[in-house]
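See below for the structure under consideration.
The values are calculated or read from the model by the stated rules, or taken from the named source; none is laboratory data. This one's a predicted model, so the numbers in the text were calculated from it and none came from an experiment. Note: areas computed on protein heavy atoms with side chains; ligands, DNA, RNA excluded. Shrake-Rupley method; radii C 1.70, N 1.55, O 1.52, S 1.80 Å.
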Amino acid sequence: MGILKTAVLFILAAAAEIGGAWLVWQAVREGRPWWWAGLGVIALGIYGFVATFQADANFGRVLAAYGGVFVAGSLAWGIVVDGFRPDRWDVLGALVCLAGVSVIMFAPRSGT
């Protein structure tokens, strides 16, 4: 259950952070109403709280691993929401990042 909980929390965190950043982007760059940016700021705050629910107590480890999830999640968001078409290098880079997430979060460690 530990891997599933970690994955779900990372997905929720990605949705909040990427969604929040996208909302701000839409308000600033695409001329959407100002309150879109406000919703984005709220979503970014939610991201900060979601990350604290990870079982690992090491802030640096959790945020470093989340960085890989953010890379893959940003590409996925672009595909679903903006019609972005990643090339094979985007996909390969995201897979490398997700492999890094797995090593950082799930490698056996002594004393932890």
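Quick one: how many Å² of V41 are accessible to a 1.4 Å probe, rounded to 10?
Accessible surface of V41 is approximately 90 Å².
Which percent of the accessible heavy-atom area of the chain goes to carbon and sulfur, probe 1.4 angstrom?
Result for the chain: 73 percent of the exposed heavy-atom area is carbon or sulfur.
Using 0.36 nm per residue, how much length does the chain from I11 to E30 gain when fully extended, once their Cα-Cα distance is taken away?
Contour length minus the Cα-Cα distance gives 4.3 nm.
Roll a 1.4 Å probe over the protein chains and send me the accessible area per residue for the chain in Å².
On a per-residue basis, the chain sits at 64 Å².
Once the piece of chain linking N58 and L98 is laid out straight, how much longer is it, given 0.36 nm per residue of separation minus the C-alpha distance between them?
12.5 nm
Specify whether the C-alpha gyration tensor of segment 11-85 places it in the rounded, prolate or oblate class, a ≥ b ≥ c being the square roots of the eigenvalues: rounded for a/c under 1.5, otherwise prolate if a/b is larger than b/c and oblate if not.
Taking the square roots of the gyration eigenvalues as a ≥ b ≥ c, segment 11-85 is oblate.
Over the chain, what relative contact order in percent results from Cα pairs under 8 Å that are six or more residues apart?
26
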